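Just below is one structure, and these are the notes that go with it.
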Amino acid sequence: MSRTIAVVFAGGVGTRMGKAVPKQLLEVGNKPILVHTLDQFQAHDTIDDVFLVVAEDQVESMKTVTAKFGIDKVRKIVAGGSSAHESIMNGLEAAVNDGVSSDSVVLIHDGVRPILPYDLITKNIKSVLEFGSAITSIPAFETVGISRDGVSIEGIPERSEMYVLQAPQSFRLGKIFSANQRAREDGKVGDFIDQAHLMNYYNEKLHLVDGMRGNIKLTTPNDLEYFSYLFSSGEYQNLLGGQA
């Protein structure tokens, strides 16, 4: 039976955040950032299940955390790998092993990207059903330069053709799982920036859906400060369309 699922990966240690606690477990409003992210999938009517990927030593404790905050759509919590790519593959494999059908829609999302409006999840699902994929994106709003040595600029592409890719990145489960299996066979696990990069490498057509500039990945202390401000000011709820 076809389902609509999310694979949320949150296995990083957050070295750029400069905190002893992994960034996904840092609290804003007495709630871990990861739980803020999971809340958005929990609240969406169309999402059936969430497959959560965390560091191996957090698997058991995360069961307690999700129960505490009422995130009952988390069906499986599995250990991640040595890279984000491996963690995503573990999440996809958990879904396949759980019997999720190949034609099911899967939204792949960063655990530290909590500014995820309800309608953005909806747009991803609709795009996969119609086009087979959904890559959340925004037009590039600054000039992009190409430099291979980090010293000199070798080219400046046309800005109107440039897009910043975000998340979720969404597909049919069978298609994205097969592409990741192929990457494993080709010895390319860890070579891709994200799943859009992987699918583009294997010549799959990707369909853009409109994201938002606020849909940031919380990576640095400035990002955390920004999110804390949004939460305390009430702007977070406004960005989510009143749902938080």
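Couple of notes before you dig in:
- The relative contact order of the chain comes to 24 percent, based on Cα pairs under 8 Å that sit 6 or more residues apart.
- Computed as a quarter of the hull surface, the mean projected area of the alpha carbon convex hull for the chain stands at 13.9 nm².
- Convex hull volume per residue, computed on the Cα atoms of the stretch 23-139, equals 123 Å³.
- Mean Cβ count within 10 Å, highest first, over the residues of peptides 232-241, 147-156, 42-51: 42-51, 232-241, 147-156
- Where both bridge residues fall in the chain, DSSP classifies roughly 40% of the beta bridges as antiparallel.
- Amide H contacts for Gly81 (H built 1.01 Å from N in the peptide plane; partners 5 or more residues away or on another chain; cut-off under 5 Å): Ser87.
- You can think of it this way: the chain between Lys217 and Asp119 has 33.4 nm of extra reach, that is 0.36 nm per residue less the Cα-Cα gap.
- Among Thr136, Thr220, Thr64, the order of accessible area from largest down is Thr64, Thr220, Thr136, computed with a 1.4 Å probe on protein heavy atoms.
- Take the Cα radius of gyration of the stretch 121-244 and divide it by 2.2 N^0.38 Å, N being the number of residues; the result is 1.26.
- Backbone phi angles across the stretch 143-160, fed through the Karplus curve with coefficients 6.51, -1.76 and 1.60 (θ = phi - 60°), yield HN-Hα couplings of 5, 9, x, 9, 9, 8, 9, x, 10, 10, 8, 9, x, 10, x, 5, 4, 5 Hz in residue order; Gly and Pro are listed as x.
- Lysine pair count for the stretch 68-197 with Cα-Cα distance under 25 Å and sequence separation of 8 or more or different chains is 10.
- 12 Å beta-carbon shell around Val128, net charge (K/R +1, D/E -1): +2
- Residues whose amide H lies under 5 Å from that of His207, counting only those 5 or more places away or on a different chain, are Ser133, Ala134, Ile135; hydrogens are built 1.01 Å from N in the peptide plane.
The values are calculated or read from the model by the stated rules, or taken from the named source; none is laboratory data. Since the structure is predicted, the reported quantities are computational estimates derived from the model, not experimental observations. Cβ: placed from backbone, ideal geometry, glycine included. Neighbour counts: every protein chain shown. Accessible surface is based on the protein model in full, side chains and every heavy atom, while ligands, DNA and RNA are left aside. Shrake-Rupley method; radii C 1.70, N 1.55, O 1.52, S 1.80 Å.
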